[in-house]
Amino acid sequence: MANRTSRRRWMQAVSAGVIGGAATSGWMPSLAAAAKQAAANGRHCILLWMSGGPSQIDTFDMKPGQPNGGTFQETATNVAGVRFSEHLPMLAKQADRLAILRGMSTKEGDHERGTVLMRTGHIPGGPISYPAIGCSLSKALGSDAADLPDYVSIAPGPFARTSIRPGFLGPRHAATSVAATPTGGDDGFAQLRVDFLERSAGIDVGRHAQRLALWQDMQTDFAKTRPQQNVLTQNTVYESAIRMLESDARHAFDLSRESDATRTAYGKGAFGQGCLMARRLIERGVPLVEVSMGNGLGWDTHANNFDQVKQLSGELDAGWATLMNELQDRGLLERTTILWAGEFGRTPKINPSGGRDHFPQAFTCVMAGGGVAGGQTYGQTSDDGMDVTDGKMNQQDLLATLCQALGVDPSTENIAEGGRPIRIAEGNVIREVLS
């Protein structure tokens, strides 16, 4: 067993790029120290991803009395002077935990390119395959000994899946995806599942063990004769999956262990149930969980914007607010940083179809939880919502600020192909929103 463990750790080190070029370059000590420090902090991150691009004017940056303002009314929050949409009443009671970033601005108005830009910090294309921020952060915050994956993506949907890829970090740092069936099952709740956690039909425990032993013998012999990085990385991924399959930790994915009352409080849809699963995973030490909302491009409200945003806001409000309350009850919120974001915002101008179109020039993201100074807005848009007039920030600034809130130095470098050091995030940290 000792030799097996040692071999696994060596392979993990190779796949992470620690052994090899980095070892001879002098980067290894700083990389290892940064990763060790972050992991020791016991920090977690939840990314609430709004696929399609949510309307900032109909959620967190309302423009009452303006021609662009729309039909929604404002509601007061528990922070004086901060007001949200009337369709976010539960979050309004927790505004003291939120930092509303109203000055986000990028130059990418295409869904797929914008998604990659926001999740990696970089314009798509070019010779370097940049990793998603979830992969970089889970690498910094994760533990080699964990039974559960370091990065779980819940209900990622079919769109822009390349935006969560590990890039040059390699497959060991890829997300474990949880598929969602949006329509309710027999119990009325959306169904979430990880396919490989269940044995194939007709395979009992004994036969499964025989198959596993055969695979391990063959894989060990194969790896001995082919010590290339891709072989070692593939082996590491498989061993990680087997470890989770054989562990009780896999029950974190089983929402039937929660009461109907708890499940209902989060909302019966995929987003609400995803937030509940996120809480269960955070409880068991998973450092990075992502919950996507808007199967496909749900927030892409080119027509009938207000009916759609009202319905989406209801799901968002129940899932997110209940998640923060339950993390707080368990003493986990102060160690968990939450980021709410989409690929861009929506046009202030309402189109003839009653919708809002793509608008990357001025939109809103929200941070909450550990490391975040809640109860404030940062940045400001003009009265008509067309321009950022104060506190302008871009995707790199956002990711750098998220890193800092988690206790991860955004200047921490990973090694890309060819030995080039790449920072996790290259923007300016917005220190005003950090606690």
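The values are calculated or read from the model by the stated rules, or taken from the named source; none is laboratory data. Bear in mind that the values here come from a model prediction, so they are computed numbers and not experimental data. Backbone-built Cβ (ideal geometry, glycine too); neighbour counts: all protein chains shown. Ligands, DNA and RNA are excluded from the accessible area calculation, which covers all protein heavy atoms including side chains. Shrake-Rupley method; radii C 1.70, N 1.55, O 1.52, S 1.80 Å.
Within segment 229-246, is there a residue that is touching a strand residue (DSSP E or B) at 6+ places or on another chain (Cβ under 6 Å), β-branched (Val, Ile, Thr) and either modelled with pLDDT of 90 or more or open to solvent by less than 50 Å² (accessible area, probe 1.4 Å) (or both)? No, that holds for no residue.
To keep it simple, each residue is scored yes or no on (1) without any contact (Cβ under 8 Å) to a residue 40 or more places away in the chain; (2) out of contact with any Pro (no Cβ under 8 Å at 6 or more places or on another chain); (3) under 21 Å from Gly298 (Cα atoms); (4) open to solvent by less than 20 Å² (accessible area, probe 1.4 Å).
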site: Glu86; (1), (2), (3), (4): yes, yes, yes, no
site: Met90; (1), (2), (3), (4): no, yes, no, no
site: Ala99; (1), (2), (3), (4): no, yes, no, yes
site: Arg113; (1), (2), (3), (4): yes, no, yes, no
site: Phe159; (1), (2), (3), (4): no, yes, yes, no
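Taken together, the residues in segment 120-157 that are more than 28 Å from Ala249 (Cα to Cα), of a type outside the set (A, V, I, L, M) and either crowded, with 23+ Cβ neighbours inside 10 Å or in contact with a strand residue (DSSP E or B) (Cβ under 9 Å, 6 or more places away or on another chain) (or both) amount to 3. Scoring Pro182 on the criteria (1) over 28 Å from Gly53 (Cα atoms); (2) open to solvent by 30 Å² or more (accessible area, probe 1.4 Å); (3) touching a helix residue (DSSP H, G or I) at 6+ places or on another chain (Cβ under 6 Å) leaves a single failure, condition (1). Looking across segment 185-210, the residues that are under 13 Å from Asp254 (Cα atoms) and either open to solvent by 30 Å² or more (accessible area, probe 1.4 Å) or not aromatic (Phe, Trp, Tyr) (or both) come down to Ala190, Gln191, Leu192, Arg193, Val194, Asp195, Leu197, Glu198. Based on this model, can you work out whether Met367 counts as closer than 25 Å to Leu323 by Cα and either over 17 Å from the mean Cα position of the chain (by Cα) or of a type outside the set (Lys, Arg) (or both)? Here the answer is yes, as Met367 does meet what is asked. Scanning segment 324-350 for residues that are more than 19 Å from Ile100 (Cβ to Cβ) and among the hydroxyl-bearing types (Ser, Thr, Tyr) turns up just one, Thr347. May I ask you to list the residues in segment 55-108 that are closer than 27 Å to Arg431 by Cα, in a loop (DSSP other than H, G, I, E, B) and of a type in the set (S, T, N, Q)? Hits for segment 55-108 are Ser55, Gln56, Thr59, Thr77, Asn78, Gln94, Ser105, Thr106. Of all residues in segment 280-300, those that are touching a residue at least 12 places away in the same chain (Cβ under 8 Å) and over 14 Å from Gly42 (Cβ atoms) have Cβ atoms under 9 Å from Cβ atoms of residues that are open to solvent by 10 Å² or more (accessible area, probe 1.4 Å) and of a type in the set (Lys, Arg), 6 or more apart or on another chain, in Arg280/Arg257.
With respect to the conditions (1) of a type outside the set (A, V, I, L, M); (2) open to solvent by 10 Å² or more (accessible area, probe 1.4 Å); (3) in contact with a Pro (Cβ under 9 Å, 6 or more places away or on another chain), Pro352 falls short on a single one, namely (3). Looking at Gly294, Gly267, Gly274, just one residue is within 22 Å of the chain's Cα centre (by Cα), open to solvent by less than 40 Å² (accessible area, probe 1.4 Å), at pLDDT below 85 and under 26 Å from Ala155 (Cα atoms), and that residue is Gly294.
Look through segment 327-346, keep the residues that are buried (at least 21 other Cβ atoms within 10 Å of the Cβ) and over 15 Å from Val372 (Cβ atoms), and return whichever of them is farthest from the chain's Cα centre (by Cα).
Out of the qualifying residues, it is Arg346.
For Phe168, indicate whether it is among the aromatic types (Phe, Trp, Tyr) and either free of Cβ contacts under 8 Å to residues at least 12 places away in the same chain or out of contact with any Asp or Glu (no Cβ under 8 Å at 6 or more places or on another chain) (or both). The answer is no for Phe168. Just so you know, in segment 337-352 the residues that are assigned to a strand (DSSP E or B) and not hydrophobic (A, V, I, L, M, F, W, C) include one that is farthest from Gly294 (Cα to Cα), and it is Thr337.
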